[in-house]
Each structure stands twice: as C-alpha cells, then as structure tokens.
Amino acid sequence: MKVRDVTVTGAALTPFNRRKDGTGFRDWALSAFEMALERSGLERSDIDALYVASESDFFHLQLNPASVLATEFGLTGVAATRCEGGGASGQVAVHTAARAIQAGAAKHVAVIGVDPSASSLSGDAIRTLYGFSFDAWTDGMTGLTSTALYALSFQAFAAEHGITEADLATVTLQNRSNACHNPGAHLPRRDSPQDIADSPAIASPYRRLHCSPLSDGAAAIILSRTDATPRRRAGAARIAGMGTATDHMHLGARADPGFFTAKQIAMQRACAEAGATPAEIGLAELYDAYAGTQLQSIAALGLSEDVSRDLNNGAFAPTGRCAINLSGGLMGQGAPVGATGVGQTATCALLLEGRYHPSLQPDTLPRYALADTHGGVCTLSAVTILERAEKAA
Amino acid sequence: MISNHIGLDYALNPGWMAPYVAGLSVGKARARRCQSCAATSFPPLRVCTCGCLEGNWTDLPGTAQILFRTTGLDGDFGLVHFDGATTKTTLRLQAIPATETRGIIAASGDNLPVLCLTALTGERDG
Ligand SMILES: [Zn+2]
C-alpha cells in the first residue's frame, strides 16, 4: 500500500483556563476549529472526516460528542470518530486521523480535542473520576488517586536516577516561567522554591505547585495529504513519525515501576518511522502531569542519559539544545485532557513554522519537534515527531 | 448555567476476578499463580507476564514489605511487596506509622474491592 505524506495545514488553541464567561465546550471546540480551518486555507466542504478527542462523558455529560460537534461545526455528512485513550486521547486522535490520510481514506481531516475539566464538576469529583482512569477495580476503588500513583512511580525513578527536590523545583519554575509568555496559559506564575515548599502537600513528594491544573479549553489541527496542501501552506510542518505503545496497567507488575517503558517503545517506533534519532529533536512538548513526570519522560524518550545533569545545565531551557514545554506544558499552559495532545501537536506545528507566540519562538528552528502524551501512569503512550518544511519561516 | 445532578448506582460483576474480590472482603490476599512459570501475581494478572493464560488461585500469607510510601490529602498509599508474590502492589496504607516497613492486608468488609494494608499486631504477626 502506498503511504501518503501528511501535513499540518492548520493549527490553533483556545486559551486554557477556568472559564467564567458563560461559554461552553461546544463554543471552545468551534472556536479552535474555525481558527485552524482559516489558517489551513481550506473550506468546510474540503473536510472529509472529523476526529474528536475527549476523555470522559462524565466531564461534559455528552455521549457521542463527535456527532454533536460535526453538527455544531456545520460538517454534517462527514465521517466522525471519537478517540479516547485517557490522558493520551488527543495524541491518539492525531494518530488515527493521520493514519486515515496515509491509508488514502481521506484527503483533509479536522482533529479536535476538548474537555471542560475545570468548570463542569467540582475538583473532588474530577479527582475521583481520574482515579478510575487507572485499573478501576484494583486501584480506583481503593481510593488511589492519580497524584498518589504518580508519586509512587516518581519515587522509584528518583531513587534510581538521583533526582532531588531541587530538580522538581527547577522543572516547576521553568514551565511556569515559559507560560508567562503564552497569552493562552492557565498558570503563568513566577514562584520561588520557597513558594513551592510552602504549597499544600498533595501526595509526597508532590505539593500543589508540582501539579498540573484542571483546565477548560480546546485545540484543533487540520491534517492534509501533502500533495493536496494549498500552495500557500507550503511552509507547514509535516508529520514525520508516530508511535504508540502500552505498559502493564498495574504499576507493581512492571519490572521497573519508575521507568516509562511504553514511552520508550513508542518513541522508538516514531523515530523509526521518521528516520530520526532522539538527539535530533530540538523542541519538545512533554506530558508534565507532575514535575517529576517530565523528568521520567525525558529519560524514557532518550532525550538525555543523565536527566538531572542536563536539566541543571540548561539543556531543556528555552535556549537549550532541546527546549522543553515552551508553551508552559500541562503545568503552565493547563490541561483540558482531550485538548492536551492536540494542543501539543498544534504547538509543535506552529513553532516549526515560526508562527508561535513571538517571545517564545526560537531564533533557529530545529528540523524535528516532538509531541509526547500519555494516559494512566504512562500506561498508554502516544508520541508524534513533526518535521519542519524546507520553506518554513 | 445548566445544573444537573446524577446519582449512579453501579452493579459490576467482577467475572474472572471474583475470587480476588471475595478474598479482599475477608482480608485474604488471593493471588494468581502461573501454571507455566509459577510467577505469582497480586493483584492477579489474567495472563502471566510469561504469556501463559492458565493459572490457579492461591492465598498468600497477607504480609507485605513497604517499598515506597506517599502521604497527603487523601491519606497514605504505598508500593509494597506481598510475601510470596512475584509482582508488587499499590494500595492504601491504613494507620501504619511512618517508621513501620511492614504491614498486613485488611479486610475490606464491603462489596468494594478495596485493597488496604494495616499495621501488624502481635496476634497476627509472623
Ligand atoms: Zn508465567
């Protein structure tokens, strides 16, 4: 079968925050879709299929949201598919959509990620629901929270890799500092290490400021068969490689509960498809559900052989060899679950085109950028490598 | 603002995991021993890490070593190693002092599969 090349012709994100303006998830989804469509140079009638990432019906109280959004967008008649993979839902939707183009089943598709994770339910209700995104019968009903499971996995990683509380603070401050330059970010903050130490303990060693927030918001990309991309979008980034993998659902059944094996495998698969190596990744949007999660991800993705050393020598800072989470990441930009993976891909595409927020846009563009998302404690990993067009700005 | 309250009462059949759930309610650590490699998983794995689908139920002593623990808003939780098990286990730690490194499974006592480790008492110790 001939595999078609895929280009990100349009990309957009709404602000991620806690909405207090009376708007709802249908409004945010439409707003992101229309911005991405406008940037793509395509018309509604060009769209063959709609892929919607939304983690849970509990959040918006809407089963079958893909069909609802097809109607809301004025796309009635297109193929519509809802994609779900816990926290990885957005990236799973990107992959599903891109594979449809590669297989020749569609020419132009819209991918929307949306969730009202902040405003529709209480924080306690959302946390209870998140508990069921691990093994609901062995973990969720025991009352194990997302933060507690991540904290246990991080402790195993930290013991092995010599990660300190100061390293957690460095990640926290860096991501939120980046978010200060992102006008759509939920938590643009300039805290001090003392502020972090003074924030409430959630599940040791994690304190509130080590955690990503619950956010509302949407993100959208338009993917096109590269040979059908509008001429004026010749500078748009292409999807170079995608990889997905799973790990044991039970943390305790893993040979090393601190290592994200699924992420390592997904990255190897994406690199093989792209013909790239981790060392060639110059920008990365990583899944920093918690500060330590970012460090665990860096190790699993092969972006560093000594995570603490490279963190502290600035390798992942905005001017480092691989700038990580320029957007602020989940911790700074925010985390409307379904929108997260789509938003990461949109961010990478905009960065590689030189069209991101001006004060975050690097002077020199790397060849490759990486969007990294996972569900569970990296039970399901989905990563995407994007490649800059030769004509990019 | 649309306000809506929904109460949902689930009745979930545990299926193949029924012996595990029944064990928890009376404080038994009922594990799955692989017929091929004898690896013992707790919580049970339907398919062993070696790939074998056949296994037998076996009751572990119920005591466990605490490897990592986390404390916070929702209580204490741990990654522990049950004596006799090949896999490790995440669970709730109930009234186990921070200085203690071992505990014993507690009976969940209701119809929820709540996996809990509690302090060893002289009576049940050893
Ligand atoms: Zn076996």
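The values are calculated or read from the model by the stated rules, or taken from the named source; none is laboratory data. Model, not experiment: these values are computed from the prediction. Virtual Cβ from ideal backbone geometry, glycine too; neighbours counted across all protein chains shown. Each accessible area value is taken on the protein alone, full model and side chains, heavy atoms only, with ligands, DNA and RNA left out. Shrake-Rupley method; radii C 1.70, N 1.55, O 1.52, S 1.80 Å.
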Rg to Rh quotient for the protein assembly as shown, alpha carbon positions, Kirkwood Rh: 0.98
Heavy-atom accessible area order for A:2, B:88, B:28, largest first, 1.4 Å probe: A:2, B:28, B:88
Rounded to whole Hz, the Karplus (6.51, -1.76, 1.60) HN-Hα couplings of region A:131-143, x for glycine and proline: x, 8, 8, 9, 7, 4, 7, 9, 10, x, 6, 7, x
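What does the charge count around residue A:351 come to, taking other residues whose C-beta lies under 11 Å from its C-beta (Lys +1, Arg +1, Asp -1, Glu -1)?
Cβ neighbours under 11 Å give a net charge of 0.
Provide the packing ranking of A:364-370, A:348-354, A:22-28, A:82-88, i.e. peptides ordered by the mean count of other C-beta atoms within 10 Å per residue, highest first. Don't skip to the end; give the middle numbers.
Numbers: A:364-370: 20.7, A:348-354: 25.9, A:22-28: 18.3, A:82-88: 24.0.
The packing order, highest mean first, is A:348-354, A:82-88, A:364-370, A:22-28.
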Proportion of all alpha-carbon pairs of region B:17-118 beyond 17 Å (%): 49 percent
Which of B:15, A:249, A:319, positive extreme of dipole for the protein assembly as shown (C-beta unit charges): A:319
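What is the antiparallel percent of DSSP beta bridges lying wholly in chain A, to the nearest 5?
Details: 38 of 55 bridges.
Once the DSSP bridges in chain A are tallied, antiparallel ones form about 70 percent.
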Gaussian network model of chain A, springs between alpha carbon atoms under 10 Å - residue of A:379, A:229, A:138 with greatest fluctuation: A:138
Accessible area (Å², 1.4 Å probe, nearest 10) - residue A:3: 90 Å²
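So if I place +1 on the C-beta of Lys and Arg and -1 on the C-beta of Asp and Glu, and nothing else carries charge, what would the dipole magnitude of chain A be about its Cα centre? I want it in debye, nearest 20.
On the way: 31 positive and 38 negative charges, 181 e Å.
I would put it at about 860 debye.
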GNM flexibility winner over chain A from A:269, A:176, A:231 (Cα, springs under 10 Å): A:231
Along principal axes, Cα extents of region A:123-263, largest first, whole Å: 53, 38, 35
Gap separating the Cα centres of region B:61-119 and region A:38-57, nearest whole Å: 46 Å
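Can you tell me the convex hull volume per residue for region A:188-240, based on C-alpha atoms, in Å³ to the nearest whole number? Walk me through the intermediate numbers first.
Details: hull volume 9.8 nm³, N = 53.
With only Cα atoms used, region A:188-240 gives 185 Å³ per residue.
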Karplus-derived HN-Hα couplings along region A:90-98 (A = 6.51, B = -1.76, C = 1.60, θ = phi - 60°), whole Hz, x at Gly and Pro: x, 6, 4, 5, 4, 5, 4, 5, 5
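What's the Kirkwood radius of region A:239-393 in Å, using all Cα pairs?
Working: mean 1/r = 0.0651 Å⁻¹.
The answer is 15.4 Å.
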Order of exposure, largest accessible area first, which applies to A:68, A:94 with probe 1.4 Å: A:68, A:94
Accessible surface of residue A:385 - all protein chains present, 1.4 Å probe, nearest 10 Å²: 0 Å²
When the convex hull of its Cα atoms is projected in every direction, mean area for region A:331-376 (nm²): 3.7 nm²
Ellipsoid semi-axes in whole angstrom, largest first, where each is sqrt(5λ) of the Cα gyration tensor of region A:209-273: 34, 20, 9
Lysines with Cα under 20 Å of residue B:88, excluding same-chain neighbours fewer than 8 positions away: B:28
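What is the mean projected area of the alpha carbon convex hull for region A:233-306, to one decimal in square nanometres? Write down the numbers at each step before the final one.
Values: hull surface 24.7 nm².
Mean projected area for region A:233-306: 6.2 nm², to one decimal.
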Spatial separation of Cα centroids for region A:228-255 and region A:154-213, in angstrom: 26 Å
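Suppose we take every Cα in region A:1-121 and form the convex hull; what volume per residue is that in Å³?
Enclosed volume per residue, from the Cα hull, is 104 Å³.
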Taking the convex hull of Cα positions in region A:306-390, its mean projected area over all directions (nm²): 6.2 nm²
Where labels lie 7 Å past Cα in the beta-carbon direction, separation of residue A:2 and residue A:208 in nm: 5.8 nm
Which of B:64, B:106, B:84, positive extreme of dipole for region B:17-118 (C-beta unit charges): B:84
Angle between chain A longest axis and helix A:291-301 axis [Cα atoms, degrees, rounded to 10]: 60 degrees
